[in-house]
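A short write-up of the structure that comes next.
The values are calculated or read from the model by the stated rules, or taken from the named source; none is laboratory data. Values in this document were obtained by computation on a predicted structure and should not be read as measured data. So basically every Cβ, Gly included, is an ideal-geometry build from the backbone, and we count neighbours across all protein chains shown. For the accessible areas, the whole protein counts, side chains as well, though only heavy atoms, and no ligand, DNA or RNA atoms are used. Shrake-Rupley method; radii C 1.70, N 1.55, O 1.52, S 1.80 Å.
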Amino acid sequence: MEDPKELLRKQGIYSLLDLALLIPASYIDTTLSTQIGTGKVHTFEATVQDVHPGHGKFQADFYLSRFCRSIKGVFFRATPYHYQTFAKNSTHIIQGRVEQFGGALQIIQPKTVKQAGQIIPKYKTTLKQEEIYALITRYVHKKALVAEGLTDEEADTLLMLHAPISLDAIYQGGGYRPHIVALLKFVEAYNHIKKLSVKRMDFPATASLHGDEKAFIKSLPFALTDEQLRTIGEIKSDLANTHKAAKRMVVGDVGSGKTMVILASAMMALPCKSALMAPTSLLAQQLYEEAAKHLPPSINVALVMQGRMTGDYRTADFIIGTHALLYKDDLPKIDLVMIDEQHRFGTAQRHALEKLSGRGEAKAHVLQFSATPIPRTQAMMDSALIDISLITTTPFSKSITTKLISKENFASLLAHIKEEIGLGHQVLIVYPLIEQSEQIPYQSIDEARGFWEKNFDNVFVTHGKDKSKDEVLLEFREHGDILLATTVVEVGISLPRLTIVVIVGAERLGLATLHQLRGRVGRLGLKSWCYLYSHDKSNERLHSFSKTMSGFDIAKLDLQFRNSGDIIDGTIQSGQKFRWLDMAEDEEIVSRAKNRLASVKMK
Ligand code: ADP
Ligand code: MG
């Protein structure tokens, strides 16, 4: 036989708890019935009294000695097997749904069962049932489960699910009993967090950082929000540690003020040096401008981009740059590495971290910033791998109205666009594609462009493949009225005068993308509108989206719709990877699982 561990790995089973969580998909219960109820599945000991062969149909009259009554067994498509098996006076254990028919009891197509009084689990696996059962009985036992950190009661319940004495202990009213579901959710969360925490690798820090951020915070023209301050506090204690280099992800919605957290962190790093990497030169430039504006003039800030440099990075306190940073061989020693818009980087990011945070035994502190909101439950789980700070509020309340529109609303949309342009505001229209396509029932930029250029002044166009995208965006920021673009503007710069975004074919996009696009308008609190243009005006996902502004609620919504197998960004997202746990709902359970793991580790 193959190595059992290898066999299990092929089934996606890596830990003892993975194996314990392979809960039978169903059970075959051969417990003999003690009473008869019609419409229910029963198991009887039965003796054949009489047989009635027919045309392709075969009927056996059984006598149930326990109940002193008879019951008919009807077989359609009878074969010689049936005639042989159900010979007169032979006794069987039969199983099937009991029905009332013309005053008599009957079972259609009864099954015969080898042995009465058993509950046999049925596993969903490509291994043989006996094989998996043997592996479970061999490895999943009480001592092992308790050693994993489960309580006696939890261990007993899990064991019971693999070898129940009665199905009543498991099911109730057609479903699992609630306490069983709660237990399985807990064990699933616990197992997942436990695996993540094993993966986490920590390194000593190259330096412990104690710079002061207070004067900087005081000098700002606004007060930081409680969440900005809390996050800065968390980072402060990370950076003070020498035993462990910081490894933290700051997750905050678009406009939640992450830049101020970045700048405060650069202050806390002083007199050591820090570096900040951004995914585009436009963003790097914007960050540089903000640093120059808000940091005290004594701080030496440098900007490094391909073919462009401001200041001397070799002597700077704070180096801001794009990927171009990675190609500099003469970077000074950096003790704090920050990555902005982390979700935009992909694999380049790992490379960047390796290069910038050092290869030796000790590593620089690393902070990453992301605008992709994740549900709190997910943050809680992921924090086993990387510390997470959530910023869920924005400094000023944005006033954005989201509306679903289609063709018949086009005239009023145009009127609204004219009105906003008249007020000196700007409009962004996002198309699904650059060129016409048969597959997509919406106009492309190429098709629509003529209309806008004919009816409006100062129309700008850009898209992902546009080499001069950055220049177009900068030009538009100063002089444009309408910008036609693809979803590329997701990574765009801040456009403070933007008050209308129209998203064409909105139902084709994921909620996270829609939320990013909507976050482009009303950056500085101007009353703004997000129009979701769709042929499917009754789209439930879009309706839910239009009712909430919180990125964290949207992350939750996204999960709910994903679980139902929705189409997002053109591909079908597979459901969640948990069998029991619901990431949108089970915050309390995840939190308990996390606490349990912490207390198990203390022992
Ligand atoms: P993001 O989290 O998307 O990076 P930014 O850091 O760009 O957000 O902040 C968005 C805007 O809010 C910027 O203009 C910034 O100066 C401003 N801002 C940040 N924090 C505050 C605050 N506490 N009060 C008022 N405005 C703030
Ligand atoms: Mg930002």
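Among ILE107, PRO279, THR125, flag the residue with its Cα farthest along the positive direction of the charge dipole of the chain, charges on Cβ as +1 for Lys/Arg and -1 for Asp/Glu.
Of the options given, the answer is ILE107.
Once amide H atoms are placed 1.01 Å from N in the peptide plane, what residues at a sequence separation of 5 or more from ASP50, or on another chain, have their amide H within under 5 Å of its amide H?
Excluding prolines and chain starts, which carry no amide H, the hits are ASP61.
Nothing charged except the Cβ atoms of Lys and Arg (+1) and of Asp and Glu (-1): what's the magnitude of the dipole of the chain about its Cα centre? Round to the nearest 20 debye.
The calculation lands at about 1520 debye.
How do the peptides 23-36, 237-250 rank, highest first, by the average count of neighbouring beta carbon atoms within 10 Å per residue?
With the highest mean Cβ count within 10 Å placed first, the list reads 237-250, 23-36.
Per DSSP H run of n ≥ 4, the term is -39500 (n - 2.57); total these for the chain, divide by its residue number, and report the mean residue ellipticity at 222 nm rounded to 500 deg cm²/dmol.
Helix contribution divided over all residues of the chain: -10500 deg cm²/dmol.
How large is ³J(HN,Hα) for each residue in segment 141-156, as worked out from phi by the Karplus curve 6.51 cos²θ - 1.76 cosθ + 1.60 (θ = phi - 60°), to whole Hz, x for Gly and Pro?
Per residue, the Karplus-derived 3J(HN,Hα) values read 9, 4, 4, 5, 5, 5, 5, 6, x, 7, 7, 4, 5, 4, 4, 4 Hz.
With r defined as the distance between the Cβ atoms of SER26 and THR548 and R0 fixed at 45 Å, what FRET efficiency is calculated, to the nearest 0.05?
Calculated value: 0.70.
Out of the DSSP beta bridges found with both residues in segment 214-391, what percent are antiparallel (nearest 5)?
For segment 214-391, the DSSP antiparallel bridge percentage is about 10.
Taking the Cα centre of segment 458-563 as origin, work out the dipole magnitude from +1 charges on Lys and Arg Cβ and -1 charges on Asp and Glu Cβ, in debye rounded to 20.
240
How much length would be gained if the chain were fully extended between HIS82 and THR242, taking 0.36 nm per residue of separation minus their Cα-Cα distance, in nm to one decimal?
Value of the extension gain: 49.8 nm.
Can you list the residues, at least 5 places off or on another chain, whose amide H is less than 5 Å from the amide H of ILE391, using H built in the peptide plane?
Placed amide hydrogens put VAL251, GLY252, ASP253 under 5 Å from ILE391.
Per the Kirkwood definition applied to all pairs of different Cα atoms, how many angstroms is the hydrodynamic radius of the chain?
About 29.2 Å for the chain.
Pulled fully out, how much extra length does the chain show between GLU471 and HIS294, if you take 0.36 nm times their separation in residues and subtract their Cα-Cα distance?
61.2 nm
Once Rh for segment 400-548 is found with the Kirkwood sum over Cα pairs, what is the Stokes-Einstein diffusion coefficient at 4 °C and 1.567 mPa s, in µm²/s?
This corresponds to a translational diffusion coefficient of 85 µm²/s.
At 7 Å along the Cα-to-beta-carbon direction for both LYS214 and ALA144, put a label point, then send me their distance in nm to one decimal.
5.7
So if R0 is 22 Å, what FRET efficiency would ALA411 and SER437 give, r being the distance between their Cβ atoms, rounded to the nearest 0.05?
Calculated value: 0.25.
Read phi for every residue in segment 596-602 and hand back ³J(HN,Hα) as whole Hz from Karplus 6.51 cos²θ - 1.76 cosθ + 1.60, θ = phi - 60°, with x for Gly and Pro.
Coupling constants for segment 596-602: 4, 4, 4, 6, 5, 5, 5 Hz.
For a Förster distance of 45 Å, can you work out the FRET efficiency between the beta-carbons of ARG97 and ASP536, rounded to the nearest 0.05?
Efficiency computed from Cβ-Cβ geometry: 0.55.
Using a 1.4 Å probe, what is the accessible area per residue for segment 442-509, in Å²?
42
With θ taken as phi - 60° and the coefficients 6.51, -1.76 and 1.60, list the Karplus ³J(HN,Hα) couplings across segment 513-521 in order, rounded to whole Hz; mark glycine and proline as x.
5, 4, 5, 4, 5, 5, x, 6, 8
Quote to one decimal, in nm, the extra length available between ASP330 and ARG579 on full extension: 0.36 nm per residue of separation minus the C-alpha distance between them.
Gain on extension, ASP330 to ARG579, equals 84.6 nm.
Quick one: with all protein chains in place, what share of the accessible area of the chain is carbon or sulfur, to the nearest percent (1.4 Å probe)?
Percent of accessible area from carbon and sulfur atoms in the chain: 52.
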